[in-house]
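**Q** Pasting a structure here, questions to come.
The values are calculated or read from the model by the stated rules, or taken from the named source; none is laboratory data. All of these numbers come straight from a predicted model, not from anything done at the bench. Methodologically, a virtual Cβ is constructed for each residue, glycine included, from the backbone with ideal geometry; neighbour enumeration extends over all protein chains shown.
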Amino acid sequence: MQCPICYNKLIKECDNNGNNILRCCNGHSFDISKYGYVNLLPSKTNSGDNKEMVLARHNFLQKDYYLKLALELKNIINDLNVKTLLDIGCGEGYYDRIINDENIEIYGLDISKDAILKAAKTDNDINYVVASSNKLPFEDNYFDCVMSIFSPIYPSEAERVCSKYLIKVIPNKDHLKELKQELYENVRDNKILKEEIEGFNLVDEKTIDYKMKVADVNELFKMTPYFYTTHNNYEIKFREMDISFSFIIRIYKVY
């Protein structure tokens, strides 16, 4: 890992009080929390998803409505023989926990301290970091694979730290359409664009489509952007309904 201030290598040490820290050669130091994660944001103000959104996502994902996606990602990563993985925008770490095994070194990165705290509390076997994706705190070419699930990436940074593959997951056109039909009078399909990412070639694309009966629609709603853009959203109460889950997994290779 690299210092976010001077970009020199961070070394794990103990301070004078016996606490674990990361320190660079210029003396910049960062505490390793008792849960094992480290906050490398220069500003310690909270950004990204708040506690309510993180808890809603955690509660919903724990019921495995997205398990088919997580297992497909695990299969892809195994097939690609990935040994070092960076999950950009990892949130509370659901996909990392499914993918994790003894043969893969995983780092989960998110700008939300609340999300990383929840991830680290749930599984301290994965390396979790509070940091921004526009300046990844890692050495060049360290990761076999960089993964982004519904999260934006900065292509130049992803290419810098990645030696082989980029996996990007986006919602397909019918994803959560029933939820949107409850919220909006005129529902538009998600736009699916062909995305060229500088430094990478698209080598494969997979789709996953299924429908499940969801009792926890209110938790699903709170973990989506619609919760923060819908008028009077705090007053909406959803009934149990069948929900469409639809994803596109794009696999890119560094060129």
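**Q** From the list Lys121, Lys113, which one is of a type in the set (Lys, Arg) and crowded, with 19+ Cβ neighbours inside 10 Å? Give the derivation first.
**A** Numbers: Lys121 fails: crowded, with 19+ Cβ neighbours inside 10 Å.
When all the criteria are applied, what remains is Lys113.
**Q** Does region 203-221 contain at least one residue that is among the small types (Gly, Ala, Ser), closer than 24 Å to Asp49 by Cα and either in contact with an Asp or Glu (Cβ under 8 Å, 6 or more places away or on another chain) or in the same structural domain as Leu69 (by TED's automatic domain parsing) (or both)?
**A** Within region 203-221, the first condition is being among the small types (Gly, Ala, Ser), and the residues that meet it are 215.
The next check asks that each one be closer than 24 Å to Asp49 by Cα; those that pass are 215.
Next, from what is left, pick out any that are either in contact with an Asp or Glu (Cβ under 8 Å, 6 or more places away or on another chain) or in the same structural domain as Leu69 (by TED's automatic domain parsing) (or both): 215.
Yes - at least one qualifying residue is present in region 203-221.
**Q** Could you give me the residue pairs with C-beta distances under 6 Å whose first residue belongs to region 161-181 and is closer than 30 Å to Tyr255 by Cα and in the same structural domain as Ser133 (by TED's automatic domain parsing), whose second residue is at pLDDT below 95 and not polar (S, T, N, Q) wherever it lies, and which are 6+ apart or on separate chains?
**A** Note: pairs meeting the criteria are Lys173/Asp189; Lys173/Ile192.
**Q** Here's something else I'd like to know. State all residues of region 148-204 that are more than 21 Å from Phe227 (Cβ to Cβ) and in contact with a Pro (Cβ under 7 Å, 6 or more places away or on another chain); if no residue qualifies, say none.
**A** Residues satisfying the conditions are Ile197, Glu198, Gly199.
**Q** Sticking with this structure for a sec: Given the structure, is Tyr94 over 24 Å from Phe227 (Cα atoms), crowded, with 23+ Cβ neighbours inside 10 Å and either without any contact (Cβ under 8 Å) to a residue 40 or more places away in the chain or β-branched (Val, Ile, Thr) (or both)? Give the steps one after another, and end with the answer.
**A** Numbers: over 24 Å from Phe227 (Cα atoms): no; crowded, with 23+ Cβ neighbours inside 10 Å: yes; either without any contact (Cβ under 8 Å) to a residue 40 or more places away in the chain or β-branched (Val, Ile, Thr) (or both): yes.
Here the answer is no, as Tyr94 does not meet what is asked.
**Q** Now, a different point. Would you be able to say whether some residue in region 19-26 is of a type outside the set (Asp, Glu), surrounded by fewer than 19 Cβ atoms within 10 Å (Cβ to Cβ) and within 21 Å of the chain's Cα centre (by Cα)? Outline the logic, then answer.
**A** Of all residues in region 19-26, those of a type outside the set (Asp, Glu) come to 19-26.
Checking the rest, the ones that are also surrounded by fewer than 19 Cβ atoms within 10 Å (Cβ to Cβ) come to 19-21, 23, 25-26.
With the extra rule that they be within 21 Å of the chain's Cα centre (by Cα), the set shrinks to none.
No: region 19-26 contains no residue that is of a type outside the set (Asp, Glu), surrounded by fewer than 19 Cβ atoms within 10 Å (Cβ to Cβ) and within 21 Å of the chain's Cα centre (by Cα).
**Q** Given the options Glu157, Glu205, name the one that is within 30 Å of Asn103 (Cα to Cα), of a type in the set (Asp, Glu), without any contact (Cβ under 8 Å) to a residue 60 or more places away in the chain and buried (at least 17 other Cβ atoms within 10 Å of the Cβ).
**A** Details: Glu205 fails: buried (at least 17 other Cβ atoms within 10 Å of the Cβ).
Being within 30 Å of Asn103 (Cα to Cα), of a type in the set (Asp, Glu), without any contact (Cβ under 8 Å) to a residue 60 or more places away in the chain and buried (at least 17 other Cβ atoms within 10 Å of the Cβ) holds for just one of Glu157, Glu205, which is Glu157.
**Q** Does Asn78 meet the test of being out of contact with any strand residue (DSSP E or B) (no Cβ under 9 Å at 6 or more places or on another chain), assigned by TED's automatic domain parsing to the domain that holds Glu52 and either in a helix (DSSP H, G or I) or closer than 18 Å to Ile170 by Cα (or both)?
**A** Values: out of contact with any strand residue (DSSP E or B) (no Cβ under 9 Å at 6 or more places or on another chain): yes; assigned by TED's automatic domain parsing to the domain that holds Glu52: yes; either in a helix (DSSP H, G or I) or closer than 18 Å to Ile170 by Cα (or both): yes.
Yes; evaluated as a whole, the condition is true for this residue.
**Q** Can you pull out the helices (runs of 4 or more DSSP H) entirely within region 147-255 that have at least 3 residues that are under 21 Å from the mean Cα position of the chain (by Cα) and farther than 20 Å from Tyr66 by Cα? Lay out the reasoning, then the answer.
**A** On the way: elements: 155-161, 177-183, 217-222, 226-229.
Because the criterion is at least 3 residues that are under 21 Å from the mean Cα position of the chain (by Cα) and farther than 20 Å from Tyr66 by Cα, the helices (runs of 4 or more DSSP H) in region 147-255 that meet it are 155-161.
**Q** If you go through region 49-69 one residue at a time, do you hit one that is assigned to a loop (DSSP other than H, G, I, E, B), modelled with pLDDT under 95 and small (Gly, Ala, Ser)?
**A** no
**Q** Being over 12 Å from the mean Cα position of the chain (by Cα) and in a helix (DSSP H, G or I) is the filter here, so list the residues in region 90-135 that pass it.
**A** Ile98, Ile99, Lys113, Asp114, Leu117, Lys118, Ala120, Lys121, Thr122, listed by residue number.
Conditions (1) in contact with an Asp or Glu (Cβ under 6 Å, 6 or more places away or on another chain); (2) touching a residue at least 60 places away in the same chain (Cβ under 8 Å); (3) among the acidic types (Asp, Glu), marked per residue:
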{"site": "Asp15", "(1), (2), (3)": "no, no, yes"}
{"site": "Asn20", "(1), (2), (3)": "no, no, no"}
{"site": "Cys24", "(1), (2), (3)": "no, no, no"}
{"site": "Ser29", "(1), (2), (3)": "no, no, no"}
{"site": "Lys34", "(1), (2), (3)": "no, no, no"}
{"site": "Ser43", "(1), (2), (3)": "no, no, no"}
{"site": "Lys51", "(1), (2), (3)": "yes, yes, no"}
{"site": "Val54", "(1), (2), (3)": "yes, yes, no"}
{"site": "His58", "(1), (2), (3)": "yes, yes, no"}
